[in-house]
Amino acid sequence: MMTRLFGAPIKRIEDPRLLRGQGAYLDDLGSDALAAAFVRSPHAHGRILDIDVSDAIDIDGLVAIYTYDDLPGPLAEPLPLLIPHPALTQGRTPHALAKDEVNHVGEAIAMVVARDRYIAEDAAERVVVHYAQLPPVVGIQAARAADRLVHDDVPGNLGARMTQAIGDVDAALAAAPHRLALDLTVERSASMPLEGRGVLARWDRDSKRLRVWTSTQTSTGVRAAVAAKLDLPLGAVEVITPDVGGGFGVKIVHPWPEEVLVPFAARALDRPVKFTEDRREHFVASAHERAQIQHVDVGFDDQGRIHGLDVRFWHDHGAYTPYGLIVPIITSTQLLGPYRVHDYRVTFDSLYTNTVIVTPYRGAGRPQGVFAMERTMDAIARALDLDRADVRAANFIQPEEMPYDHGLIFQDGRPLCYDSGDYPGTLAKLKALIGWSDFEQFRADARAEGRRVGIGLAMYVEGTGVGPYEGGHVHVETSGKVKVATGLTSQGQGHQTAFAQIVADELGVALEDVEVVTGDTRRFPYAVGTFASRAAVMSGSAVALAARVVRQKALRIAGEALEASPDDLEIVDGQVRVKGAPGVTIGLGTVAVLSNPLRYAFDEASKAATQFAIGNPDKPPVDEDDEPGLEGKDYYSPAQSTFANGAHAVIVETDPDTAEIKILRYCVVHDCGNLINPRIVEGQVHGGVAQGVGGALYERMVYDEHGQLLNASFMDFLMPYVTEVPSAIEIDHLETPSPLNPLGIKGAGEAGVIPSAAVFASAIEDAEGIPIRAMPISPSDLFTLRARADRLTSERPGPRAPAAGPLEEIA
Amino acid sequence: MSADIDVALIVNGAGYRARVPPRRLLSDFLRHDLGLTGTHVGCEHGVCGACTVLLDGVPVRSCLLLAATVDGQEVTTVEGLAGPGGSLSKVQQAFQDAHGLQCGFCTPGFLTTITAGLRDNPSPSPEQAREMISGNLCRCTGYQNIVAAVLKAAE
Ligand code: FES
Ligand code: FES
């Protein structure tokens, strides 16, 4: 019997190559390519009066300079609005190179192509652009005030206003025994993969074909966009995703200006051209996320049960809206988390600012939604002097209520309907893991030593595996080796291993015999992309279904060869054999030979498939409903997303003098259904938690009033090193299989980061007794909050409220 | 522009002579002139550590060095870490065993740093293992398994 690979912590197949330095990332390719560099706007808002290249053109090694006026046909039109939505009445996208106006620092104005990057940058520096500066709109408050406009023709800087509601929230709030209001803020952060963006293009003049490599999360999306923008037939464009050094959302945006301009230049110059983004460019010319201001009105009863929830929030989407309303829609729907809220209304404004565009970063609007909901839960607990975990438990959707339809529309345009989940089970595991009930003793002991500690928790539900579809192709070669292709891309999630595990199990072959290719449109041209924790669910299911097709075919052909019924056959170690008669076998490679009737032999093995060797003379060599070859293809397209859930708890210590925030323990309970590879899933959780720590305590985009990003480097944008992350991340799993897909899996990629802002706010508030309403929080932020709280208490008689005391006014 | 400069150096045991522009970064020289693309560039301002190579055995950031300044010295890149016959080194093997990499972009810098670190301190405590990698950024792994890999490699 072969051991099942699904669920086993297999070591990754991709590692030996990467560990030897043999990875092939974008900038490792194209050693013969010309280099592109970009002239970018130094101003947040301005009109372009004139672009003068005369100083640049005699630089030795310069090949070409392009500005907007050089762009032909569709390339001169604005870049696509990828996800239109009826509420996005004022969607705006940039031009590949700025036309007349710039709307954020970093916007591309001219492309310089030269012999190497050094020369390209020399020339770019000598391109002189004259601007008429316009006053910029920076930050949500300025966007709301709308004293100035980002786009002249967008009144109020309002890209979209959207409301969703269930029940009668006004009536529910009016009738609720208690009420609370909270004003909350989350600042900007960004995906910040260690490898920036990059694109390489080769034009084949003879066959009039374009081959593009790009560091993307969607090769099929780039392919369609490049073909459209360059006016090429789709069939003439191939897009290949090489090794990608992290994505975390930012690389799902496409086409980036560079992704159409570099292929354009490669064709125009008939030379390979490459662009590799540098770090500063990544800060000012890719995408950010997270910034929102929120206002929550909640009504609740004595047990803390929510009777009505009215949420209003303002979302900063930056200068343009290529990714539509996905992020704020996710915030407004996933905000509800594991809780039953019958009367809910949410309205958001999606606002323009003269800053870098906002598109999904791991979590994609969920961290903000969870922040709003979990802050609300804590506020209710505080107001009623109840245990924070108990208030959450009082509001849970119960396992027996699944599937649970909220009555809202999710980001995929489909009902927000939870397929499965055991939220009380998740909470119980978390409380046990962190020792929730023992914490007061720990607090008392710490306090006796003059230390200040706090505990926080946060829960979330994450819609994963959104459609529309993914596909898989499985091919057994005559060598018996199995080649698998799926169209979505990989950025470090170990897809080559996880998908090989699935296919090896389905086909009964050894893991070593399975090779997986992702993100190559030559191998699989139909795909959507890697985002929203969807790869394992979508492509995992698709390759499983494709492998089942191949298995059926293998059993049928082997059955004919072995004169046995396919029902009596099994495949073990790559051999098809009659159950109970281990001597009667045929290798899958031989089955592959037999599957393809030949006229011409090409080696010893293939002789077995030639016309005088096999075939029933009364039947066509390939049956009407059959195809030659031992291969199969299938697609997985679910009617809706599958919903993972989890809960995090953290114990922090805050320094009474310096306000430094130290993490003492970090616990995660996570339910992503059946686990394909627990090692990979835990790695995803670790990475998410680290990004969450960054987002909660360190990372922010510091724009000044002129729209200059002041911390656009790794020196000033503080991503966690090992010294900032907890020394242990304690993880426990629940496995509630999804009923929606053949493997019972749910997505896991984003979970680690989703509740971080909420869980740290909860713990710091618990330690300090000061309401935490804005994240991230630095020691100096906390210091300021303390000072303010002290001022308030000194104005009032009596001591500062103790940590567990009610601080919010109950209306 | 000032004249190119002759350099002779040893990279992963092999001798090279080259003529480099004075401003050529060591990272670009290794990657684009010698084709040793295993050394990665994550920031080009000395903060992420992805470009770390060993210069006469000492970890340095190749994005902060000019190729012209390493004349006569010996450089080890990630491509030079594997054992004879291409078997993974102890540190490389520990990374696979402990799942110490995801996208793999930061990994070469960690591998070179840890290789030198373990040479200087063959049995680090968990605290020292963390210290050893505290100058390198990884956006994928949350460092948990990288620390585990350091300890495993030291076993
Ligand atoms: S690339 Fe050299 S330290 Fe980041
Ligand atoms: S593994 Fe991706 S940055 Fe470290």
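The values are calculated or read from the model by the stated rules, or taken from the named source; none is laboratory data. A quick note: this is a predicted structure, and the numbers were derived from the prediction, not measured. Reconstructed Cβ throughout: ideal geometry from the backbone, glycine too, with neighbour counts over all protein chains shown. With ligands, DNA and RNA removed, areas are computed over all heavy atoms of the protein, side chains included. Shrake-Rupley method; radii C 1.70, N 1.55, O 1.52, S 1.80 Å.
Observations, loosely collected:
- Look at the stretch A:189-200: the mean tally of other chain Cβ atoms within 10 Å of its residues' Cβ atoms is 3.
- Of all DSSP bridge pairs formed entirely within region A:452-561, close to 50 percent run antiparallel.
- Working from label points 7 Å from Cα in the Cα-to-Cβ sense, the residue A:626 to residue A:552 distance is 1.5 nm.
- Computed across region A:201-341, the Kirkwood radius stands at 18.2 Å (inverse of mean 1/r, all Cα pairs).
- For residue A:409, distant residues with modelled amide H under 5 Å away: A:416
- Estimated purely from DSSP H runs of n ≥ 4, each contributing -39500 (n - 2.57), the mean residue ellipticity at 222 nm for chain A is -8000 deg cm²/dmol once divided by its residues.
- Column: log10 I(q)/I(0), Debye, Cα scatterers of the protein assembly as shown, q = 0.08 Å⁻¹: -0.80
- Near residue A:665, the amide H atoms lying under 5 Å from its own belong to A:651; only residues 5 or more places off or on other chains count, and H is placed 1.01 Å from N.
- Residue range of chain A that is longest and free of chymotrypsin sites (Phe, Trp or Tyr not before Pro) which are both DSSP loop and sparsely packed (at most 13 other C-beta within 10 Å): A:1-599
- Whole-Å semi-axes of region A:468-636's equivalent ellipsoid (Cα gyration tensor): 30, 17, 14
- The residue list A:145, A:680, A:753 was ranked by how far each Cα lies along the charge dipole of chain A toward its positive end, using unit charges on Cβ atoms, and A:680 comes out on top.
- For region B:5-78, carbon and sulfur atoms together expose 52% of the accessible surface, with a 1.4 angstrom probe and every protein chain in place.
- Backbone HN-Hα couplings from phi across region A:348-362 [Karplus 6.51/-1.76/1.60, Hz, Gly and Pro as x]: 10, 10, 9, 10, 7, 9, 8, 9, 4, 4, 10, 9, x, 10, 2
- Over 20 Å apart at the Cα level, from the set A:11/A:579; A:208/A:229; A:251/A:274; A:11/A:553, are A:11/A:579; A:11/A:553.
- Filtered GluC sites (Glu not before Pro), region A:577-662: DSSP coil and at most 16 other beta carbons within 10 Å: A:604, A:624, A:660
- The loop-placed trypsin sites (Lys or Arg not before Pro) in region A:549-621, going by DSSP, that have at most 14 neighbouring Cβ atoms within 10 Å of their Cβ come out as A:579, A:599.
- FRET efficiency estimate (nearest 0.05) - Cβ-Cβ, residue B:3 to residue A:301, R0 60 angstrom: 0.15
- Pairwise Cα distances in region B:84-154 exceed 14 Å in 51 percent of cases.
- Considering only beta bridges that DSSP places wholly inside chain A, some 80 percent are antiparallel.
- The accessible surface of chain A, taken with every protein chain in place and a 1.4 Å probe, is 51 percent carbon and sulfur.
- Inter-centroid distance (Cα atoms) of region A:625-700 relative to region A:444-511, Å: 9 Å
- Within region A:468-636, percent of DSSP bridges classed antiparallel, to nearest 5: 75 percent
- Look at where the Cα atoms of region A:126-189 and of region A:55-89 average out, and the two centres are 29 Å apart.
- Label point distance in nm, residue A:713-residue A:612, each placed 7 Å from Cα along Cα→Cβ: 7.7 nm
- Residues residue A:639 and residue A:438, FRET efficiency given R0 of 45 Å [Cβ-Cβ distance, rounded to 0.05]: 0.50
- Estimated translational D of chain B in µm²/s (Stokes, Kirkwood radius over Cα pairs; 4 °C; 1.567 mPa s): 82 µm²/s
- 3J(HN,Hα) along region A:204-212: 9, 4, 5, 9, 6, 10, 10, 10, 10 Hz, from the Karplus curve 6.51 cos²θ - 1.76 cosθ + 1.60 with θ = phi - 60°, whole Hz, x for Gly and Pro.
- Linear extension gain, residue A:152 paired with residue A:24, 0.36 nm per residue minus alpha-carbon span: 41.6 nm
- Separation between Cα centres of region B:75-140 and region A:590-617, rounded to whole Å: 50 Å
- Dimensions of region A:344-436 along the principal axes, based on C-alpha atoms and rounded to the nearest Å, stand at 46, 30, 26, largest first.
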